[in-house]
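Each value in this text was obtained by applying a stated rule to the coordinates, not by laboratory testing. All figures in this text were calculated on a predicted structure; none of them were measured in a lab. Note that each Cβ is placed from the backbone with ideal geometry, even for glycine, and that neighbours are counted across all protein chains shown.
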Amino acid sequence: MKKFNIRKVLDGLTAASSSSSATAQPGTPRETDVIQETLQSEHFQLCKTVRHGFPHHPSSMAFDPVQKILAVGTQTGALRLFGRAGVECYCQHESGAAVIQLQFLINEGALVSALADDSIHLWNLRQKIPAILHSLKFSRERITYCHLPFQSKWLYVGTERGNIHIVNVESFTLSGYVIMWNKAIELSTKTHPGPVVHISDNPMDEGKLLIGFECGVVVLWDLKCKKADYRYSYDEAIHSVAWHHEGKQFVCSHSDGTLTTWNVRVPAKATQIITPHGKQPKDGKKPEPCKPILKVEYKTTRAGDPFMVLSGGLSYDTVGRRACLTVMHGKSTTVLEMDYPIVDFLTLCETPYPNDFQEPYAVVVLLEKDLVVIDLGQIGYPIFENPYPLTIHESPVTCCEYFADCPDEIIPALYSVGSRQKRQGYSKKEWPISGGNWGQGTQSYPEIIITGHADGTIKFWDASALMLQVLYKLKTAKVFERARGKEDKSSTEIVEEDPFAIQTMSWCPESRMLCVAGVSAHVIIYRFSKQEVTTEVVQLLEVRMQCEFSNGDSPDTGGEKTPTLPTPGASSSPQESEPPTQPSTGSNSTDGPRDNIPCLQVRSSPLKQSPGYQVELVIQLVWVSGEPPQPITSLAINSSYGLVVFGNTNGLAVVDYLQKTLLLNMGTTELCSPSDPYPRQPRSPRKPRQPSGAPCDTNDGSNTSEDRCKSPTSAKMSRRISSSSEQKTDVDAKDNSFTRSRSSSVTSIDRESREAISSFHFCESFPRKVDSLVSPCLLVGTTQGSVMMVALSLPPGGDQRLQQPVGISSCGTMVRLKGGILTMALLDATGTLLPPSYEPWYDSNASEEEKEKSRKRRPASPPSSQDGQDSQFAVLCSEKQAKVVAMPSQTRIYKHSITESSFVLRADVVQMSGANCITCFCANGHIMALSLPSLRPLLDVNYLPLTDMRIARTFCFSNVGQALYLTSPTEIQRITYSQETCDNLQEMLSELFTPVETPEAPNRGFFKGLFGGGAQSLDREDLFGETAAGKASRSLAQHIPGPGSMEGMKGAASGVVGDLARARIALDERGQKLGELEERTAAMMASADSFSKHAHDMMLKYKDKKWYQL
């Protein structure tokens, strides 16, 4: 039977609808008819791949000492698992409830999680994507603490009512054995002891269970006799309990900052009471109370003093002091300050057996925003160098860009300069969390992620092969003078917090040129060099951007060509002779308005620049007549032309960074020619709602001229970036849409009427309809959907390029779309993407011979048009629709309405499977792909509703079917829209579980075995099984079968552990019916044996008797 393929039907329908809506102008040849599009809907599938970064809002932690795997739970129900560098895994509880505790089934490839919604779950870690096998939901009691003894299948669950229930982790059923609180405490006690805060079994006797209640009572419970052996009482609340490995002593931490040590057989009084951080009064009185000691761990060593590690317990007079971890070893007490509050910590030991010398070697400390591992084996307790990419949020991420299939040499180049930035003083030992294996991915193309941050730093990350590693860190704030205090802050700053925050970036991987724009209306151009240099004076260019109009309704352009070489009103040469931070024309007196003053001060002292990215030029927008400069909304750099272009709500500016001159400074409306078919109509003014929105400068100051400088529909293109990256989305009932800049900086829904520049694209195309030869051009897109063409006239290369000026002329509006323009691209006649030209990288600080070898223009420009035929296609995508326009005729060939009810936040033209397509992310959560050039829908998936500004600000697509976004302030979520990547994902993902033999149990020794010493084992099955303990109440908890398949467990490693796992799975699959059948069969066999015996006895009894003797 032929398989029905709905995707091919979709392809047919969409192709028909696209071609019906894409009509050519009369008399224009349809060049696209001959273009064969290879991309089909079956090439697309959307799925998550990996998540990088620090777990957001962590709440709990666990470690498997045999598998060497670390698990971290969060307040949103997420699980992050870490092994060796590059081995990471993310999974999520459906309920989203906080993970309050995690327990590994050590070396079993399984994990138990306890959630704040009173459910416990069993995770199978033997498959690459962990899945839940069983769940148990408590309905009458709140879970407060769980304990799973090593190599046991019985999980102790303590509750808020003070009771302890026991769960079989194989079947996830409750035992009938329950430890009730009123039987555990003394009968004479009149008050409830509070929730269970600790459960652990005696390391030397599994039949004795230590139960800690919040009120300060600790009970040693005899599991066999079902009674309390000893009760220990202290008048302060308990937070944690830790055993000595010999099982004769335990330590409790309390809410008053004390540690009490108890002898198991002496319950009347603690053998020792200490306050580690309390001041000892001279008169022998009790020390002053301290903050609670939230956790204590007691670890022994074979050759020396034991370690006692604790968190909290500081004196109350240490106001403002950071969180500390205290390590007590022998007579020394070391206090280690942490950067963030401590969530949890674990001491890593050589043995998994609790009844042996623990031999601690490291402490894993989970902080609110970091993960620190301390080496206990070296003097001074140095930390290990963390191999995970957990510093994404070191400063809040403000923008993000993703580059797949980069030049091969770029990652080694960045790594070589970035390796010199590493800190010193780390532990020399290997990272102790070393479990798992890397995936066997076949994809080997280089991938780079660039993140811009609120403190002005830019980080380059190697994202190849589903991993993430920081390569290089650039601090842009070093270019500026820093205010030492609030009093020193300049009055010209337009952003109160984070004035150096990165707003948008433009990077050319081939030439390695980098251009960044910050929130203080500044642009910095960087060039990559392997040589260290000292810049005596930072090159500075100040630009005065404003709206200036005549009395007419439209600007007087005076012809189709508008030559605008260095314009008045702006600095056109770098300030080399005088300090760049003190412009001669600036006015910052209290008497008059600020004018010609930048927001930040460029440093005047020499700047030492390490190998890597080095400042080429700083461009600053200045205050105009008391109004601050408008933030930059779009940015582009072209290394082949030596030009940088940037725009905002006032217009655009083009800068020649080779000659350090301003070439063009023009308002958006002035770019339109008199023959513009899309005239701007004046509308009533609307007062800006933010003080940062600057009104246009006018000649006569009247309202009418202010009206003229505003356009029909637009948006305020930037926002003030604060240190918090959590932003809420404003909703406007009338519009329900907002515009973003090319840098994914999403704007407020509250729109202003001014038209802003939203995107740029350098290309080699036909500036005008009458042109037959391609030449350097600049496509300009605006927030009102206008696409304008600017022609560039470049002088010849070499010395002439540095001496002759670059010519620029505006060619007017080319086409108009609904919504703001998001992305633009150019295709040749065969549908192949024409990327912007670039100059190969060369080291500007190298010798002249090396420069000449590498400085060559990119070969082969696109073919010129012949016989009036269109030989190029411009691809244009806005917030609402996409169009393909033939060049040079500027005829619309295809048109597609992407969305009516929503709007596109991010759009990119990407390469995939040897072809090109447009990918879009909409505010309603849809991710879409359109073919090129026919704009046929290939993918439309409702993936991710826009829940906050962060997602919209950081979402970006890349080539080869990759995309990413910041799913939380600390985590990057990578996704793929490629069917091929989805098919190969299992191979590419890392493995968490690897077959490892469990270490041998400690030797009991001859005398201990002879006289009954050493660890006492317990047959828990006899105690907790259904035969002995009966069935638990059905209303207490509900068993929920997990969605995880058994396939992963069936493929487990061979050996005892694997056989045991397979036996358990077989029991699960057969279910309870098989067990009942076996019980019935056994009962019938017993009955048959009994009947046979009775029959035999009867036969012997009456064998020799006569019939009359019966």
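What's the FRET efficiency of Y361 with S171 using the Cβ-Cβ distance as r and R₀ = 30 Å, to the nearest 0.05?
On the way: r = 36 Å, r/R0 = 1.21.
The value I calculate is 0.25.
Expressed as a whole percent, how much of the Cα-Cα distance distribution for the range 885-1023 exceeds 26 Å?
The proportion of pairs with Cα distances above 26 Å equals 50 percent.
Could you tell me whether the range 136-175 comes out rounded, prolate or oblate from its Cα gyration tensor? Rule is a ≥ b ≥ c as square roots of the eigenvalues, rounded for a/c under 1.5, then prolate if a/b exceeds b/c, otherwise oblate.
Oblate, since a/c reaches 1.5 and b/c is not below a/b.
At a Förster distance of 45 Å, what's the computed FRET efficiency of T998 paired with E337, Cβ-Cβ distance as r, to 0.05?
Computed FRET efficiency for T998 and E337: 0.75.
What does the highest-first list of 75-88, 941-954 look like by mean Cβ count within 10 Å?
Output ranking for 75-88, 941-954: 75-88, 941-954.
How many nm is it between the label spots at A1086 and Y445, if each spot is 7 Å from the Cα in line with the beta carbon?
The answer from the label model is 6.9 nm.
Ranked highest first by the average count of other Cβ atoms within 10 Å around their residues, in what order do 630-636, 918-924 fall?
630-636, 918-924
Between V533 and Q280, take the C-beta separation as r, use R0 = 45 Å, and let me know the FRET efficiency to the nearest 0.05.
Working from the Cβ atoms, E equals 0.20.
Using Cα-Cα distances under 8 Å and only pairs 6 or more residues apart, what relative contact order does the range 363-468 have, in percent?
Once divided by the residue count of the range 363-468, the mean separation gives 29 percent.
Is the shape of the range 62-157 best called rounded, prolate or oblate, per the rule: a/c under 1.5 gives rounded, else a/b larger than b/c gives prolate, else oblate, with a ≥ b ≥ c the square roots of the Cα gyration tensor eigenvalues? Spell out each step's value before the answer.
Values: a/c = 1.89, a/b = 1.31, b/c = 1.44.
Note, shape of the range 62-157 comes out oblate.
What area, in nm² and to one decimal, does the C-alpha convex hull of the range 754-837 cast on average over all directions?
Details: hull surface 27.2 nm².
For the Cα atoms of the range 754-837, the hull's average projected area reads 6.8 nm².
Once you list every other residue whose beta carbon is under 12 Å from the beta carbon of G247, what net charge do they have if Lys and Arg are +1 and Asp and Glu are -1?
With Lys, Arg at +1 and Asp, Glu at -1, the net is -2.
With each pseudo-label sitting 7 Å past Cα toward Cβ, what's the S152-L773 distance in nm, one decimal?
8.7
Sorted by average packing, counted as other Cβ atoms within 10 angstrom per residue and highest first, what order do 881-891, 140-150, 264-274 take?
881-891, 140-150, 264-274
The range 251-350: percent of C-alpha pairs farther apart than 15 Å? List each step's numbers first, then the result.
On the way: 3252 of 4950 pairs.
The calculated P(r) of the range 251-350 puts 66 percent of pairs beyond 15 Å.
Could you size up the charge dipole of the range 750-834 around its Cα centre, putting +1 on the beta carbon of Lys and Arg and -1 on that of Asp and Glu, and report it in debye to the nearest 20?
220
Between D229 and A268, what is 0.36 nm times their sequence separation minus the Cα-Cα distance? Round to one decimal in nm.
Extra length available between D229 and A268 comes to 12.8 nm.
Could you calculate the contour length gain from C47 to E1079, that is, 0.36 nm times the residue separation minus the distance between their Cα atoms, to one decimal place in nm?
Taking 0.36 nm per residue and subtracting the Cα distance, the gain is 366.8 nm.
Could you tell me which of the pairs K68/K208; K128/K153; K68/K429 are separated by over 22 angstrom between their Cα atoms in the structure shown?
The pairs that break the limit, which is 22 Å between Cα atoms, are K68/K208; K128/K153.
Please give the charge dipole size of the range 142-203, origin at the Cα centre, charges +1 on K and R Cβ atoms and -1 on D and E Cβ atoms. Round to the nearest 20 debye.
160
By the gyration tensor of its Cα atoms, with a ≥ b ≥ c the square roots of the eigenvalues, what is the shape of the range 320-410: rounded for a/c under 1.5, prolate for a/b over b/c, or oblate?
In terms of gyration-tensor shape, prolate.
For a 20 Å ceiling on Cα separation, which of these pairs sit above it: K224/K1031; K48/K422; K422/K530?
As for pairs spanning more than 20 Å Cα to Cα, those are K48/K422.
In sequence order, what are the phi-derived ³J(HN,Hα) couplings for the range 457-464 according to the Karplus relation 6.51 cos²θ - 1.76 cosθ + 1.60 with θ = phi - 60°, rounded to whole Hz, with x for glycine and proline?
After applying 6.51 cos²θ - 1.76 cosθ + 1.60, I find 7, 10, 10, 9, 10, 7, 10, 5 Hz.
If one computes the Cα centroid of the range 640-663 and of the range 963-995, what distance in Å separates the two points?
Going from one Cα centre to the other spans 39 Å.
Length gain on complete extension for the stretch T191 to E368, per 0.36 nm per residue less the alpha carbon to alpha carbon distance?
60.2 nm
With each label point set 7 Å from Cα along the Cα-Cβ vector, what nm distance links R423 and S604?
For R423 paired with S604, the spin-label model returns 3.5 nm.
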